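No lab work stands behind these numbers, since they all come straight from the coordinates. Keep in mind that this is a model prediction, so the values were computed, not measured. Neighbour counts are summed over all protein chains in view; Cβ atoms, including those assigned to glycine, are modelled from backbone coordinates with ideal geometry.
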Amino acid sequence: MQPHDVANVTFRRAPWYRIGLDATDVRAYLGRIADALVLRDHVERVLRTEIARLRSENERIKLGLRRWQADQRSHG
């Protein structure tokens, strides 16, 4: 769901004996928005976890490279 989807939504009018929008349409749309937000939050958590893992791995590799370079200098 994209921001323009939210901004451009239209709802049916309520039946003639009620004022406003069709409550069923509004509730269904709010449910879709809630589902999209839950999915977005889940994806964000997964991505943040993966970023943290990759940063840690990057630091481990850099440290290993520095150690290897220092070892090469001391034996060179």
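Computed values, structure above
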read-out	value
Helix-only CD estimate at 222 nm, as mean residue ellipticity for the chain, using -39500 (n - 2.57) per DSSP H run (n ≥ 4)	-27500 deg cm²/dmol
Stretch in the chain that is longest and holds no trypsin sites (Lys or Arg not before Pro) that DSSP places in a loop and that have at most 14 other beta carbons within 10 Å	19-76
